[in-house]
Amino acid sequence: MNETINIFRLRQPDEIEDPLTNVLRSGARKLLAQAIEMEAEAFLGAMKDLKLADGRDRIVRHGHAPERSIQTGIGPVPVSRVKIRDRGAECEVDRIRFSSSILPKWARRTRSVDALLPVLYLRGVSTGDFQEALSALLGKDAPNLSPSVISRLTAEWGIEYDRWQKRDLSARHYVYVWADGVYLQARMEDQAECMLVLIGATPEGKKELVGFQTGIRESAQSWRELLVDIKRRGLKIAPDLAVGDGALGFWKALDELLPDTKHQRCWVHKTANILNKVPKSVQAGMKAVLREIYLAPSRASAETAIAVFVEKYDAKYAKAVDCLTKDQNALLAFYDFPAEHWDHLRTSNPIESVFATVRHRTVRTRGALSSKTATLMVFKLVIAAARTWRRLKGQNQLPKLIAGAKFQDGIEVIESKPQSAA
């Protein structure tokens, strides 16, 4: 007799059932197992000519290691490692070993999960909450992410950071650089630390991280130490232009160590500084006028727009006008470079975009990180973000700049050669 059983499994409050994710995990398990088998077969194929004295294969399969879960971006995926045996090794030195590049022997997480930890911290998640946050993102069974594991990761990041800090720059040339100081802790002390970040554009138009270190606020001494270190590691050719905000420390250090580099003030920072000096009721209109200045097609047009700004606002908002006019030359320096590059040069956006949601982040007391660990996490975040930085537009103009070409209002100036007397 058939009976209908109305018994259903109840979902726990912290459990999330996602059929699509389950399908993806099942497919990922099959694909991963297939890839591991193919890798092992390829290794055995490369070793097939190695034979024992009796003609049998020296390198053979030796079953599978116990199944373990690899933590991935879609949750834990069970997998088993292929074992390979060397039957002809007379000693450990002669033994041929198989090391999977897909599934390292002690791997417990994919690299994407390791890369997620700095992002979680910089988005406001303290170390004490990492496990809870990752469980919500990757499933309640998210393993191997204890504080001790995070400590080991920090040690690995430290080694990577030290190696990066010692790299040789003698073969590098940066046409432009962008500089900024990023505060991750909103402190009131006079000696608050910040991350000093320097990004450069190569002659091929690629942006890359040039300098990164912790400094005392954005003092001239902190920037001087960073620039001295870059020069010590071999950087010989000064950039043509540096882009940054109004922090006087960077510009003072730049003039001392790279005096031939021109200054370009960031229009995003400058606009914010100007608008902070006027009532909110005026800000929308004033912002539109400022936009007309930095989007003007030529330096003369920009200077005319500045004159209009002064005429409109000088009577009532003299501080805002002074904030603009005192840096006029540095704000308009980009007009002496190719027009294709103007979008890149008006602002320090390559740095701003990385830290858009973490500037002045206050670290919570419970599970808060040390200054060194926070620095390493920011470093990892920047290195990861560097892979997505867009190249400069107008790359065909870069060789002209390197060759010493002059530009006016974004157009190359062709100097006429004097005609020789007949």
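Descriptive notes on the structure:
- Take each peptide in 79-87, 164-172, 340-348, count the other Cβ atoms within 10 Å of every residue, and average; sorted highest first, the result is 340-348, 79-87, 164-172.
- For peptides 151-159, 264-272, sequence by mean Cβ density within 10 Å, most packed first: 264-272, 151-159
- Under conditions of 20 °C and 1.002 mPa s, region 199-315 yields 129 µm² s⁻¹ as its translational diffusion coefficient, taking Rh as the Kirkwood radius over Cα pairs in the Stokes-Einstein equation.
- Charging the Cβ of each Asp and Glu at -1 and of each Lys and Arg at +1, and nothing else, the dipole of region 261-322 about its Cα centre rounds to 260 debye.
- Solvent-accessible surface (1.4 Å probe) assigned to residue 94 amounts to roughly 80 Å².
- Cross-link table 166/206; 319/406; 277/372; 206/326; 319/400, entries beyond 30 Å C-alpha to C-alpha: 319/406; 277/372; 206/326; 319/400
- Other residues lying with their Cβ under 14 Å from the Cβ of residue 322 contribute a combined charge of +3, Lys and Arg counting +1, Asp and Glu -1.
- Of the residues 47, 195, ranked by 1.4 Å probe accessible area with the largest first, the sequence reads 47, 195.
- Under 5 Å, built H, 5+ apart or other chain: amide partners of residue 183: 195, 360
The values are calculated or read from the model by the stated rules, or taken from the named source; none is laboratory data. All values reported here derive from a predicted model rather than from experimental measurement. Note that we place each Cβ from the backbone using ideal geometry, even for glycine, and neighbour counts take in every protein chain shown. What goes into the accessible areas is simple: the full protein's heavy atoms, side chains included, and nothing from ligands, DNA or RNA. Shrake-Rupley method; radii C 1.70, N 1.55, O 1.52, S 1.80 Å.
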